[in-house]
Amino acid sequence: MDWHDIMFYGDVNAEGVKGTKHKNGTNWTYQFATAAVVMGDEKLTVAVTPVNDESKVEHVRGLLFKVFELGIKVKILLLDAGYS
């Protein structure tokens, strides 16, 4: 699972915009997470969800639910540094 920040430079009151650490000239970002399946050299993104105000545990649980809905069995779950 990967946590993504897309830096935002427009109206800070726009839907989904969150405050974050200053980076690239702004303190605002869109945050979302992806779940990907990796097999050998192949990587396929199977779920995408916005990062809302739920806890990180609830957020991971929601992504895993989407993965399980697809019938994918998880052997190893790796989280990037955004979840630390």
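With the requirement that a residue be of a type outside the set (A, V, I, L, M), surrounded by 10 or more Cβ atoms within 10 Å (Cβ to Cβ) and not in a strand (DSSP E or B), what does the range 10-40 give you?
Across the range 10-40, the qualifying residue is only 16.
Out of all the residues in the range 41-60, which are free of Cβ contacts under 8 Å to residues at least 24 places away in the same chain, part of a strand (DSSP E or B) and either among the polar types (S, T, N, Q) or in contact with a helix residue (DSSP H, G or I) (Cβ under 8 Å, 6 or more places away or on another chain) (or both)? Give the steps one after another, and end with the answer.
Here is the first cut: in the range 41-60, the ones free of Cβ contacts under 8 Å to residues at least 24 places away in the same chain are 41-45, 47-49, 52-55, 57-58.
Filter once more, so that each one left must be part of a strand (DSSP E or B): 42-45, 47-49.
Residues satisfying the conditions are 45, 47, 49.
Does any residue in the range 13-34 that is closer than 21 Å to residue 59 by Cα and touching a residue at least 12 places away in the same chain (Cβ under 8 Å) come within less than 8 Å, Cβ to Cβ, of a residue that is of a type in the set (Phe, Trp, Tyr) and not in a strand (DSSP E or B) six or more places away or on a different chain, and which pairs are these?
Close Cβ pairs satisfying both conditions: 28/9.
Against the conditions (1) in contact with a strand residue (DSSP E or B) (Cβ under 6 Å, 6 or more places away or on another chain); (2) open to solvent by less than 50 Å² (accessible area, probe 1.4 Å); (3) not β-branched (Val, Ile, Thr), where does residue 64 fall short? Just the number, please.
Answer for residue 64: the failing condition is (1).
So, residue 81, is that one among the small types (Gly, Ala, Ser), closer than 13 Å to residue 1 by Cα, surrounded by 10 or more Cβ atoms within 10 Å (Cβ to Cβ) and touching a residue at least 12 places away in the same chain (Cβ under 8 Å) or not?
Values: among the small types (Gly, Ala, Ser): yes; closer than 13 Å to residue 1 by Cα: yes; surrounded by 10 or more Cβ atoms within 10 Å (Cβ to Cβ): no; touching a residue at least 12 places away in the same chain (Cβ under 8 Å): yes.
Considered against the rule, which asks whether it is among the small types (Gly, Ala, Ser), closer than 13 Å to residue 1 by Cα, surrounded by 10 or more Cβ atoms within 10 Å (Cβ to Cβ) and touching a residue at least 12 places away in the same chain (Cβ under 8 Å), residue 81 comes out as no.
If residue 74 meets every condition in (1) part of a loop (DSSP other than H, G, I, E, B); (2) open to solvent by less than 80 Å² (accessible area, probe 1.4 Å); (3) in contact (Cβ under 8 Å) with a residue 60 or more places away in the chain apart from one, which number is that one?
Going through (1) part of a loop (DSSP other than H, G, I, E, B); (2) open to solvent by less than 80 Å² (accessible area, probe 1.4 Å); (3) in contact (Cβ under 8 Å) with a residue 60 or more places away in the chain one by one, residue 74 breaks only (3).
The values are calculated or read from the model by the stated rules, or taken from the named source; none is laboratory data. Here the structure is a predicted model, which means the values were calculated and not measured. Note: ideal-geometry Cβ built from the backbone for every residue, glycine included; neighbour counts use all protein chains shown. Protein only, heavy atoms only, side chains kept; ligands, DNA and RNA dropped before computing areas. Shrake-Rupley method; radii C 1.70, N 1.55, O 1.52, S 1.80 Å.
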